[in-house]
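Read the structure below first, then the notes.
Derivation of every value follows stated rules applied to the coordinates shown; laboratory data play no part. All of these numbers come straight from a predicted model, not from anything done at the bench. Here the Cβ positions follow ideal geometry from the backbone for every residue, glycine too, while neighbour counts run over all protein chains shown.
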Amino acid sequence: MLGGVTATAGNPGLGENVASVEDGTRQISIVLADDHSVVRSGLRMLLEAEPGFEVVAEAGTVDAAQRYVLGHKPTVLLLDLNMPGGSSLDAIPKVAEVSPGTSVVVLTMQEDPAFAREALRAGARGYVLKQAAGTELVQAIRAAAEGGTWLNPELGARMAATPEGPVGAQAELSEREIEVLRLIALGHTNNEIAEQLFLSVRTVETHRAHIQQKLGRSTRAELVRYALDNDLIER
């Protein structure tokens, strides 16, 4: 569903992890992935108040989210875009590999249309802003469970009005992003980069996500190649 309108996807693999309960309500199992326990608790209360919704696991890191998906094969993975333990964007296609019947719904603070494009391109079935969560989140989960796509209406309008930004060598990185990219290319972890630049790990992860989006490159090897080609580090 784009712009708040559900679209049937016709993908036989999606929605197959939906069971039925005795009263005929379709049972939708959910793995919650957010690195803030208070947020997870609030989301669990919201979702389990909905008929047919069951939260089967909570994850605080990307790695844990992938493990729980593999173990539970839920109908939906509700995934925060910025979490420790890896790239949430990179995890979306991996979830499809280990559990084809699991749909990913992104719940995030990121209002930039570029992130929504990247998430949908990676295979997410929904993109919900945390500040608009509630009814929209329930709608997104139900749409994703049926194999549809759901996007925050306001963000969908902004995406339609905003052309895709430049990628590759034409992309403009900020000075801070160049610093982060250089350290990534030199093999430093997010924790090490945070210590060297006096930033929080979450801020480094956000910078990394911005860099990947701007450059159109998702793996460390691709980032190293870009850094070498643009003389950010010595060969």
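Amide H neighbours of Ser103 under 5 Å, at least 5 residues apart or on other chains, H built in the peptide plane: list them.
Result for Ser103 returns Gly15, Val76, Leu77.
Pop out the ³J(HN,Hα) list for segment 115-121 in order, Karplus 6.51 cos²θ - 1.76 cosθ + 1.60 with θ = phi - 60°, rounded to Hz; leave Gly and Pro as x.
Using θ = phi - 60°, the values come out as 5, 4, 4, 5, 5, 5, 5 Hz.
Tell me, how many Å apart are the Cα centres for segment 105-158 and for segment 29-94?
Each part's Cα centre sits 15 Å from the other's.
Taking the Cα-to-Cβ direction at Val38 and at Thr135 and moving 7 Å from each Cα, how far apart do the two end points lie in nm?
2.7 nm
Please pull out the direction-averaged projected area of segment 99-235, using the convex hull of its alpha-carbon atoms, in nm² to one decimal place.
Numbers: hull surface 38.3 nm².
Spelled out: convex hull of the Cα atoms, projected over all directions, averaged, 9.6 nm².
Might you report the magnitude of the Cβ-based charge dipole of segment 19-161 about its Cα centre, with Lys and Arg at +1 and Asp and Glu at -1, to the nearest 20 debye?
On the way: 12 positive and 18 negative charges, 53 e Å.
Roughly 260 debye for segment 19-161.
Determine ³J(HN,Hα), in whole Hz, for all residues of segment 216-221 in sequence, where each value follows from phi through the Karplus function 6.51 cos²θ - 1.76 cosθ + 1.60 and θ = phi - 60°; x replaces Gly and Pro.
Calculated HN-Hα couplings, in order: x, 10, 10, 9, 5, 4 Hz.
Please compute the modelled spin-label separation between Ala221 and Glu175, points set 7 Å along Cα→Cβ, answer in nm with one decimal.
Output for this residue pair reads 3.4 nm.
Let's see if you can work this out: charge +1 on each Lys and Arg Cβ, -1 on each Asp and Glu Cβ, no other charges. What is the dipole magnitude of segment 168-229 about its Cα centre, in debye to the nearest 20?
Numbers: 8 positive and 9 negative charges, 36 e Å.
Around 180 debye, computed over segment 168-229.
Can you give the alpha-carbon Rg of segment 81-164 over 2.2 N^0.38 Å, where N counts its residues? Intermediate results must be reported in sequence, preceding the final value.
Details: Rg = 12.2 Å, N = 84, 2.2 N^0.38 = 11.8 Å.
Computed over Cα atoms of segment 81-164, the ratio equals 1.03.
Using modelled amide H (1.01 Å from N, peptide plane; none on Pro or chain starts), what sits under 5 Å from the amide H of Val55, excluding residues fewer than 5 places away?
Correct list: Ile30.
Could you list log10 I(q)/I(0) for segment 168-229 at q = 0.19 Å⁻¹, which the Debye formula gives when each Cα is one point scatterer?
-0.60
From the phi angles alone, apply the Karplus equation (6.51, -1.76, 1.60; θ = phi - 60°) to segment 204-212 and give each ³J(HN,Hα) in whole Hz, x where the residue is Gly or Pro.
4, 4, 5, 4, 4, 5, 5, 4, 4
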